[in-house]
Amino acid sequence: MADQVKSLKAYVYEGLMIFFAVSLGFIAENIRDTVAERNKERVLMESIVTNLKIDTAALNIVIEGNIKKNRVFDSLIVLANQNLNDTLIRKQFYGFFIAGTYMSLFLPSDAALVQIKTDGGLGLISKKGVADSILNYDKGVCRQRKWTV
């Protein structure tokens, strides 16, 4: 009878050990998944920031080009009111006219947005409002692409 009690204690002990081992394994797996998701979120946000920096630089170039184009148009208006029979004025007019036909387009880089949408990355974003801001930016990118096509 003493052996049966002892073996019952051993079974209970082994059962508790197995329960704790499985529970700790489950907890460790959840921690690992959480760390992996945070790492993926960080990488996705870094790629968004990189794309935004590229877009900002490209947009600054487009804005500068448009400012120069406005100056060209101002010069065209001045030259249009002068004697275009004069060869020098006519050459300047045509030069400014050709320069004014240049169209600078802003084409946003959306690689990170596409990756976030296809990988389900919006669900990984932990800060409130960031996912909404990304979606609003994506809507703006889509609208802008429609205008430039």
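Brief remarks on what is shown
- In a reduced charge model with +1 at each Lys and Arg Cβ and -1 at each Asp and Glu Cβ, the chain shows a dipole moment near 520 debye about its Cα centre.
- Order of Ser126, Ser47 under a 10 Å beta carbon neighbour criterion, fewest first: Ser126, Ser47
- Cut-off under 5 Å, modelled amide H: who pairs with Ser109 long-range: Asp55
- Inter-site label distance for Leu59 and Ile31 at 7 Å from Cα along Cβ, in nm: 4.2
- Set of aspartates and glutamates near Lys68 by C-alpha distance (under 17 Å), chain-local residues within fewer than 8 positions excluded: none
The numbers here are math on the coordinates, done by the rules we state, and not lab data. Everything numeric in this text was worked out from a predicted model, so none of it was measured. Positions of Cβ are backbone-derived with ideal geometry, glycine not excepted, and every protein chain shown enters the neighbour counts.
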